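Data block below; observations after.
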Amino acid sequence: MKPLKTVMVTGNFNVLHPGHIRLLKFAKTCGEKLLVGVFSDQIAKEAVDNPQEMRLEALSSISMVDESFLVETSLDDFIGRHRPDIIVKGKEFENFCNPEENILKSYGGQLIFSSEANGAVYLLSAKFLQDLHRQAPILHETSIDLIPMLIDRMNCYFTKQYFQDIGRQETLFKANQWLSTQGS
């Protein structure tokens, strides 16, 4: 019997959102068995608010996910141990360094990017906006320049390209709209 073609997706999965679901659906169409690696609290560090057990449980409950694991070692070790045929990442990672490529090439695996950037829906986390609000309580045209700096400092998975793509005014409007609903 021929082994099933395995596909792997890895990430923090702090709060599951429609972009994650679309990424998982896309990944599932690339093979027969979908493996999902959830970065442990030790690896994800400040990029997550929810404990690893909750994040893993959320992914384990999704029927299209065949197996889910905590990633507690280097990504190279994790990939080497599971040896997926394919790793799927969001389109937003296509023009960045993707260290998975080297280990995949070593055994004939393949890196594929989804057809859209995280479902074309970017969600700024509440933690991100709260941190931004602490830096600049009232967002205005000059404080919007803090967003790329905070993205870098917080080690978030938002890209400067996203900031440029949606535009300064839309970012300012959305951030102010959300902050107006929050207590100081």
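In a residue-by-residue description of segment 23-36, the property of being in a loop (DSSP other than H, G, I, E, B) and small (Gly, Ala, Ser) applies to at least one position. The set of residues in segment 12-36 that are in contact (Cβ under 8 Å) with a residue 40 or more places away in the chain and in contact with a Leu (Cβ under 8 Å, 6 or more places away or on another chain) comprises Phe13, Val15, Leu16, His17, Gly19, Leu24, Ala27, Gly31. With the condition kept exactly as written, say whether any residue in segment 41-49 is under 22 Å from Leu104 (Cα atoms) and surrounded by 16 or more Cβ atoms within 10 Å (Cβ to Cβ). Checking segment 41-49: at least one residue is under 22 Å from Leu104 (Cα atoms) and surrounded by 16 or more Cβ atoms within 10 Å (Cβ to Cβ).
The combined condition, being at pLDDT 95 or above and among the acidic types (Asp, Glu), is fulfilled by Asp85.
Scanning segment 5-12 turns up one or more residues that are surrounded by fewer than 16 Cβ atoms within 10 Å (Cβ to Cβ) and farther than 19 Å from Ser115 by Cα.
Close Cβ contacts (under 8 Å, 6 or more residues apart or on different chains) running from residues in segment 52-68 that are assigned by TED's automatic domain parsing to the domain that holds Pro18 to residues that are charged (D, E, K, R) and not in a strand (DSSP E or B) comprise Gln52/Asp41; Met64/Lys25; Met64/Lys28.
Would you check if Val9 is in contact (Cβ under 8 Å) with a residue 40 or more places away in the chain and not hydroxyl-bearing (Ser, Thr, Tyr)? Taking the combined requirement at face value, the residue satisfies it. Residues of segment 60-109 that are part of a loop (DSSP other than H, G, I, E, B) and within 16 Å of the chain's Cα centre (by Cα): Gly90, Glu94, Asn95, Phe96, Cys97, Asn98, Pro99.
Just give me the residues in segment 30-60 being in contact with a strand residue (DSSP E or B) (Cβ under 7 Å, 6 or more places away or on another chain) and more than 21 Å from Leu4 (Cα to Cα), in sequence order. Matches in segment 30-60: Val38, Phe39, Ser40, Ile43, Gln52, Arg55, Leu56.
The values are calculated or read from the model by the stated rules, or taken from the named source; none is laboratory data. Not measured: the values here are computed from a predicted model. Cβ: placed from backbone, ideal geometry, glycine included. Neighbour counts: every protein chain shown.
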